[in-house]
Amino acid sequence: MSIRKSTHVALLCLCVVMLLVLFATCSVHANHDAADEAMSSIRPEAIRADMRFLSDDALEGRGTGTRGYDIAAKFMATQFESLGLQPAGDNGSYFQSVPLRLAKPDETKTTLILTRSGKDETLSFHKDYISHGNPALAETSVEAPVVFVGDGVTAPDQNYDDYQGIDAKGKIVALMAEAPNFESSLKAHYSSSEVKLSNAVAHGAVGIIFLYDPVFEQLYSFNEQVRDLSFPGLRWLDKQQRPNDYFPELKGSAILSLEAAKKFFAGGPHSAEEVFAAMKGGKTMSFAVPVIAKIHNVTGLQNVMGRNVVARLEGSDPTLKDEYVVYSAHLDHLGIGEPVKGDSIYNGALDNASGSAILLEVARAFRGMKTRPRRSILFLSVTGEEAGLLGSDYFAHYPTVTKSSVVANINMDEDLMLWPLRDIVVFGAEHSSLDAVVQKAAARLGLSESPDPVPEEVVFIRSDQYSFVKQGVPAIFPVAGLKSDDPKIKPSEIFKNWEETRYHQPQDDMDQPGLDFDAAAKYARFVFLCGFMITEDPQRPTWNKGDFFGEHYAHQAN
Ligand SMILES: [Zn+2]
């Protein structure tokens, strides 16, 4: 309702402006026409073709650090070059090197022993628990009493603290992987393992055990997590060879299966059933568990080199051209893994050959404009997303342009082009002035805006825009909404089915039914328009006053 009201006011103002400065409005219209022309150049077939190449078996699933990924990266760089975009990587190249650390837990030497009333129970790797090992040290050990700290969240801004009344100093903390029902992006933020680990360390913990619960089992089952151990665990390394998000204070880590988690509470003040029931009712409990845990992590470590691909379109405004709008899409997928239905190549057609192909088509649309946009644009194709947003996090920490010159990020990942596009969900928009941009772009393309339909999936922290947010850059991640004009087409069912049968499986390939490239092109036009509006605005985007992410991270941007 308030949007309609403000539209009326805007129309009224426009009339006055038109009378007073006719010339200026003409140039605004000319600009609109230029945007329309650029958007009409976006072709569904071009998206399909690039997607087909990038998700071909020949590229072996584009696993980070593999030959298949390298071919994909060369393809992106070659496309950027043929468009006449400038190289914006290291040393005048299109590539930014991303030093990575491969950490593989040694399943035969890693051990977890729980001692209850003097009795030892040795848990079995794969069945009862797994560990991702330690990214910095080949061998670590810890033995300490365990405290259960619910979701392990301390959120003063929400008046919420799972550690209240708990002494975690020198203890191993056991916690769940979720977060309380805060607003969607805050819930996502507090569910991130980096935030939980850092909070555990702040409370003096020396080790960490994640516990499965029935809700998380539904979202990402323990068996899936075991299967995903076949994909490499990676971190990026800083100049001192320190892995990102590494907490040396934590000398042991493990993840317990749902069955093991149920047994874990035995003999304590609250049973697993009580804990799970409380969680279901939106509450968590925290209490000491009469268990001493002994974790011995053994990890195989190896350094590998990954790379991002970066290209630049120079802006036309003499001042604004020194500022950048960054379009990002992750190029990597999972590579080759455990076979599913006889196929072991995880092609990642939607995840994220789609976003990479759209990145290219958006670049082409900008490049085809008679007048270049006022701000400069970076087209960034990142590595290591599937392993934890690594390429984007590295770039956001060490951009190849001055850090303070990055004004906004627009991220594209897993475009669900599986039904005609009617509405759009834009993660991150509500935190900054980008919200107004999104509203204008959506209205112009006849798209409606919808709220996050799946807050429990914590999408806000699950793709590369979060890396930019953490460095203080206003960022958005638009995805297809779940509305439909046709009662026979039910996007929420299609989406659910896709998640169950194709997401992160070899069946996310070009043979999957229902790919709608017109929907992809419409999405690309929306993404183009958002970026175009940001490039033209004399004011750079700003965080909303008092916004959580602005308050926590804006200082990082300088
Ligand atoms: Zn993915």
Practice prompt. Taking PRO487 as meeting all but one of (1) within 16 Å of the ligand (Cβ to nearest atom); (2) exposed (fewer than 13 other Cβ atoms within 10 Å of the Cβ), write down the number of the exception.
Written response: (1)
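Identify, from the list PRO339, PRO373, the residue that is more than 15 Å from TYR69 (Cβ to Cβ), away from the ligand (no atom under 16 Å from the Cβ) and at pLDDT below 95.
Details: PRO373 fails: at pLDDT below 95.
Going through PRO339, PRO373 in turn, the sole match is PRO339.
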Fill in: Residue that is surrounded by the fewest Cβ atoms within 10 Å (Cβ to Cβ) [pool: residues in the stretch 307-336 that are away from the ligand (no atom under 16 Å from the Cβ) and either of a type in the set (Val, Ile, Thr) or at positive phi (or both)]
THR319
Worksheet entry | Count of residues meeting criterion [open to solvent by less than 40 Å² (accessible area, probe 1.4 Å) and within 26 Å of the chain's Cα centre (by Cα)] in the stretch 103-114 | 2
Worksheet item: Which numbered condition trips up GLN465, out of (1) surrounded by fewer than 20 Cβ atoms within 10 Å (Cβ to Cβ); (2) in contact with a strand residue (DSSP E or B) (Cβ under 9 Å, 6 or more places away or on another chain); (3) of a type outside the set (Asp, Glu)?
Response: (1)
Worksheet entry | Failed condition for GLY281, given (1) open to solvent by 50 Å² or more (accessible area, probe 1.4 Å); (2) at pLDDT 95 or above | (2)
Item to complete: For the stretch 422-455, name all the residues that are under 19 Å from LYS545 (Cα atoms), under 18 Å from the mean Cα position of the chain (by Cα) and among the acidic types (Asp, Glu).
Response: GLU430
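Only one of these is under 17 Å from GLU361 (Cβ atoms), within 16 Å of the ligand (Cβ to nearest atom) and hydrophobic (A, V, I, L, M, F, W, C): ALA480, ALA520. Name it. Steps first, answer last, please.
On the way: ALA520 fails: within 16 Å of the ligand (Cβ to nearest atom).
On inspection, the qualifying residue turns out to be ALA480.
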Worksheet item: If you go through the stretch 122-133, how many residues are open to solvent by 50 Å² or more (accessible area, probe 1.4 Å) and in contact (Cβ under 8 Å) with a residue 24 or more places away in the chain?
Response: 3
Response to the item:
Filtering strands (runs of 3 or more DSSP E) wholly in the stretch 284-392 for at least 2 residues that are closer than 30 Å to THR108 by Cβ and among the polar types (S, T, N, Q) gives 287-313
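Quick one: in the stretch 35-70, of everything that is outside any helix (DSSP H, G or I) and closer than 30 Å to ALA442 by Cα, which residue is farthest from the chain's Cα centre (by Cα)?
Filtering the stretch 35-70 down to residues outside any helix (DSSP H, G or I) leaves 41-43, 55-56, 63-66.
Cutting the leftovers down to closer than 30 Å to ALA442 by Cα gives us 41-43, 55.
Numbers: SER41: 29, ILE42: 25, ARG43: 26, SER55: 20 Å.
Of everything passing the filter in the stretch 35-70, SER41 is farthest from the chain's Cα centre (by Cα).
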Discussion item. Restricting to the stretch 121-164, name every residue that is under 27 Å from THR299 (Cα atoms) and of a type in the set (Ser, Thr, Tyr).
Written reply: THR122, SER124, TYR129, SER131, THR140, SER141
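Please list, ordered by residue number, the strands (runs of 3 or more DSSP E) wholly in the stretch 134-245 having 1 or more residues that are within 24 Å of GLY384 (Cβ to Cβ) and open to solvent by 50 Å² or more (accessible area, probe 1.4 Å). Outline the logic, then answer.
Values: elements: 139-148, 172-176, 207-211, 233-236.
Result: 233-236.
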Discussion item. With the requirement that a residue be assigned to a strand (DSSP E or B) and either surrounded by fewer than 22 Cβ atoms within 10 Å (Cβ to Cβ) or out of contact with any Asp or Glu (no Cβ under 9 Å at 6 or more places or on another chain) (or both), what does the stretch 71-102 give you?
Written reply: GLN86, PRO87, PHE95, SER97, VAL98, PRO99, LEU100, ARG101, LEU102
Worksheet item: List, please: which pairs have Cβ atoms under 6 Å, are six or more places apart or on different chains, and start with a residue in the stretch 332-349 that is among the aromatic types (Phe, Trp, Tyr) and end with one that is part of a loop (DSSP other than H, G, I, E, B) and within 15 Å of the ligand (Cβ to nearest atom)?
Response: TYR346/LEU334; TYR346/PRO506
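The values are calculated or read from the model by the stated rules, or taken from the named source; none is laboratory data. Quick caveat, the model's predicted, so the values are computed rather than measured. FYI the Cβ positions are ideal-geometry reconstructions off the backbone, even for glycines, and counts take in every protein chain you see. The area values use the complete protein model at the heavy-atom level, side chains included, leaving out ligands, DNA and RNA. Shrake-Rupley method; radii C 1.70, N 1.55, O 1.52, S 1.80 Å.
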